[in-house]
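The values are calculated or read from the model by the stated rules, or taken from the named source; none is laboratory data. Because the structure is a prediction, the values reported are computed rather than measured. Glycine also receives a Cβ, built like all others from the backbone with ideal geometry; neighbour counts cover every protein chain displayed. Keep in mind that these areas ignore ligands, DNA and RNA; they rest on the heavy atoms of the full protein, side chains included. Shrake-Rupley method; radii C 1.70, N 1.55, O 1.52, S 1.80 Å.
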Amino acid sequence: MAATSSVEDQFSFNSSSSSVQELVKEPIKTIPQHYVRLDHRQLVLSAPYGGHPSQMLPIIDMNRFVPGKDFDAELEKLHSTCKDWGFFQLVNHGVNSSILKEVKEEVEGFYKLPLEEKMKYKMREGDAEGYGNIERDEGKLDWADRFLMTTNPIHKRKPHLFPELPSSLRNTLESYILEVQSLGKKLLLLMAEALKMEEREMTECFEDGMQSLRMTYYPPCPQPELVMGITPHSDCSLITILHQLNGVDGLHIYKDGVWFPISFLPNALVVNVGDNLEIFSNGMYRSIEHKVVPNAEKERMSVAFFINPKFEVGVGPSPSLINPQNPPLFKRFSLGQYVKGFFSQKLNGKSYLQHIRIADNGEDKSA
Ligand code: OGA
Ligand code: NI
């Protein structure tokens, strides 16, 4: 297999360079058809249209992970939250607040650049990295402009993307990446402990793994119920760390058959379990479907950092968790194979994870 530098660039898709940010520069009366998404679940269940109040995400406090009584209680909370929610907000996360502020200012600054400056980084044919949008089913587009880049391993950074960013943005992201990498490592080791998994297995899984970063700009939308800021999906990662830059909510998660809009504390980071951790934990932790609904009046910006396993190495249920009482629920896959299959199916909730699940009778479901 040819070496690739993104977890998402192994499939062919159509990218689009039509910027939603440019579209809304002049007030628009009707939403162009290629943004209109009549997703049944969105219209019927999504709050506020379905009447569900905004839900505060469970809080995990990193300060409580110090030896003693708090440690055990917080570890248990982390464990049950990853099982029941697959999503939490993290406080006292240790990422310097001045860096968070700089990331906000720099990403805002990037999206304020003239279109021709941003187009220097535009997605190239067949590559999900870069600035632009991706066509979903039937040519529909999300209501967002986004910029995805592989950041680790460093030699997999595309030469025309990260290294060519304006230097202040690049330096800020570089500092931010160091902080979220170290936070991600702490979290994954805590999760290994909570799962009673051998620490070495977890370390071998994420060390020198693929990491990528997505900066997204969601322009205000006069009829948010008609569009998707980001199509419902689960992340392919082990974990994702999200920084909601300007405090505008919009993230929804699919829990107990309902789309919940979620809100979180201003300085919190949001962490979610991705498909690869669901597989690695043998289904103990859940990768939850999520989507973004844009705001009617305000722009929204976010930076998502994806921590993945190594590209070439297989991911399957952690051997230390498997025994006759707990047989493997998933087949072993390399991240490369996973991503290829994942994207060949279009973005459709969690359908691909189901595809590699081993049925109750031990049969391979994809056969
Ligand atoms: C993603 C994602 C959510 C957000 O980039 O995978 O789910 O709030 N982003 O931007
Ligand atoms: Ni996501």
Worksheet item: Going out from 0 in 5 Å bins, what whole percent of all Cα-Cα distances in segment 128-172 drops into each bin?
Response: 5, 19, 23, 22, 13, 11, 6, 1
Worksheet item: In the chain, with Lys and Arg counted as +1 and Asp and Glu as -1 at Cβ, which of these residues, VAL292, PRO317, PHE264, has the Cα nearest the positive end of the dipole, that is, farthest along it?
Response: VAL292
Item to complete: Excluding residues fewer than 8 places away in the same chain, name every one of the lysines whose C-alpha is closer than 21 Å to that of LYS29.
Response: LYS140, LYS298
Worksheet item: Of all the accessible heavy-atom surface of the chain, with the other protein chains kept in place and a 1.4 Å probe, what percent is carbon and sulfur?
Response: 52
Worksheet entry | Protection proxy ranking, peptides 61-72, 178-189, average beta carbon neighbours within 10 Å, highest first | 178-189, 61-72
Fill in: Rh (Kirkwood; distinct C-alpha pairs) - segment 277-332, Å
14.3
Discussion item. Rounded to the nearest angstrom and ordered from largest down, what semi-axes does the equivalent ellipsoid of the chain get from its C-alpha gyration tensor (root of 5λ)?
Written reply: 30, 23, 22
Worksheet, complete the sentence: Cross-link reach from LYS196 to lysines, straight Cα distance under 18 Å and at least 8 residues apart if same chain, gives LYS77, LYS83, LYS185, LYS186
Worksheet item: Which residue, THR81, THR240, THR30, tops the fluctuation ranking in a GNM of the chain built on C-alpha contacts under 10 Å?
Response: THR30
Worksheet item: Hey, if you put +1 on the Cβ of every Lys and Arg and -1 on every Asp and Glu Cβ in the chain, which of HIS79, ILE253, HIS93 ends up farthest toward the positive end of that dipole?
Response: ILE253
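Dipole magnitude of the chain about its Cα centre, charges +1 at Lys/Arg Cβ and -1 at Asp/Glu Cβ only, in debye to the nearest 20?
Working: 40 positive and 48 negative charges, 61 e Å.
Once rounded to the nearest 20, the dipole reads 300 debye.
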Worksheet, complete the sentence: Filtered hits (lysines, Cα-Cα < 20 Å from LYS120, offset >= 8 within chain) -> LYS112, LYS156, LYS158
Discussion item. Let me spell out the model: positive unit charges on the Cβ of Lys and Arg, negative unit charges on the Cβ of Asp and Glu, origin at the Cα centre of segment 112-167. What dipole size does that give, in debye rounded to 20?
Written reply: 280
Practice prompt. Compute the accessible area per residue over the chain, keeping the other protein chains in place, probe 1.4 Å, unit Å².
Written response: 43
